[in-house]
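Right, one structure below, let's go through it.
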Amino acid sequence: MEALKFKLMIAYDGTGYEGWQVQKTGTGVQQKVEEALAKLFPSRPRVHSSSRTDTGVHALGMVAHFEVSQGKWKMTGRKLSLALNAWLPEDVRVVSAARARADFHARFDATGKQYRYFVWRHPAMNPLIRLTAWHVPRSLDLRAMRIAARLFVGKHDFSSFTARSGHERETPVRTLTRVEIQRRGPLLTFIIEGDGFLYKMCRGIVGTLVQVGLGKFPADEIKRMLAKKDRQVSGMTAPAHGLVLSKVFYKSGARTPRPKVRARHAHRPG
């Protein structure tokens, strides 16, 4: 019987999870989604994602797909979202669900991703975002940070900004198209877009930029760090809880939309 493929956009608070992927120890977000699907489909479909976020990292735009036989499909995409959310914990939500092309693959069709990292720059931490932003209570030189951020844009070997993951056979060369720092009061939003990311690469970039802001490195030191291809020469790794997978880009040029906020005066970081 012909299989049908479905595309999901998933948001989650990664605080209580050992990352996205199913784990031997601890719980991954993927496990929760597959358990919810098993409640609806006896075939217990496997979920394939666009990314693998690390322990404590969050997502607003994780894209995934699964397949079921045509005879098992009896609901609309909207009802599928509602049905899955009824079985998911409150910190994991299916934002949207829809039929996908038979040849669609959430990971291999992705041409790039956008991550956002949040820093709260104030002596007192905002308790409402303590689980989704890094508290940096000291003054930061935002001008120097922005100059340094621009030096990451382009095609580079990012060995100096990644950690060992056990997948060192992959090339450390990536192309970043956007590294931008936005400010809204005490909240800094780092927006990083590129064709792919290495293990802890975003956090290595943000940690180093914050240390530029603290005066530990001059802005133009980023050029030397990239050239050295050595993790020991760059800055710290920012904490996981400030990082969010925001969007995924696909070959069609369409981006995964972020959830719409209907409240007229709702706060949207960044």
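The values are calculated or read from the model by the stated rules, or taken from the named source; none is laboratory data. As the structure is a prediction and not an experimental result, all values here were calculated from the model. Glycine also receives a Cβ, built like all others from the backbone with ideal geometry; neighbour counts cover every protein chain displayed. To get the accessible areas, we keep the full protein, side chains included, count just its heavy atoms, and leave off ligands, DNA and RNA. Shrake-Rupley method; radii C 1.70, N 1.55, O 1.52, S 1.80 Å.
Results for (1) closer than 24 Å to A133 by Cβ; (2) not β-branched (V, I, T), shown as yes or no for each residue.
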{"residue": "K39", "(1), (2)": "no, yes"}
{"residue": "V47", "(1), (2)": "no, no"}
{"residue": "R52", "(1), (2)": "yes, yes"}
{"residue": "V68", "(1), (2)": "no, no"}
{"residue": "A83", "(1), (2)": "no, yes"}
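On the basis of being over 19 Å from E34 (Cβ atoms), in contact with a strand residue (DSSP E or B) (Cβ under 8 Å, 6 or more places away or on another chain), at pLDDT below 95 and open to solvent by 70 Å² or more (accessible area, probe 1.4 Å), does R146 make the cut?
When the stated conditions are applied, R146 does not pass them.
From the list T132, T111, T162, exactly one residue is among the hydroxyl-bearing types (S, T, Y) and farther than 25 Å from L188 by Cβ. Which is it?
From the options T132, T111, T162, the qualifying one is T111.
Checking L8 against (1) out of contact with any Gly (no Cβ under 8 Å at 6 or more places or on another chain); (2) open to solvent by 10 Å² or more (accessible area, probe 1.4 Å); (3) at pLDDT 95 or above: exactly one of these is not met. Which one?
(2)
What is the residue count in region 24-53 for residues that are part of a loop (DSSP other than H, G, I, E, B) and either touching a Cys at 6+ places or on another chain (Cβ under 6 Å) or open to solvent by less than 70 Å² (accessible area, probe 1.4 Å) (or both)?
Adding up the residues that qualify gives 9.
If you go through region 97-128, how many residues are open to solvent by less than 90 Å² (accessible area, probe 1.4 Å) and within 17 Å of the chain's Cα centre (by Cα)?
12
Take region 207-228 and flag every residue that is surrounded by 14 or more Cβ atoms within 10 Å (Cβ to Cβ) and either outside any loop (DSSP other than H, G, I, E, B) or in contact with a strand residue (DSSP E or B) (Cβ under 9 Å, 6 or more places away or on another chain) (or both).
Once the filter is applied, which keeps residues that are surrounded by 14 or more Cβ atoms within 10 Å (Cβ to Cβ) and either outside any loop (DSSP other than H, G, I, E, B) or in contact with a strand residue (DSSP E or B) (Cβ under 9 Å, 6 or more places away or on another chain) (or both), region 207-228 yields G207, T208, L209, V210, Q211, V212, G213, E221, I222, M225, L226, K228.
Failed condition for M75, given (1) without any contact (Cβ under 8 Å) to a residue 12 or more places away in the chain; (2) part of a strand (DSSP E or B), with all others met?
(2)
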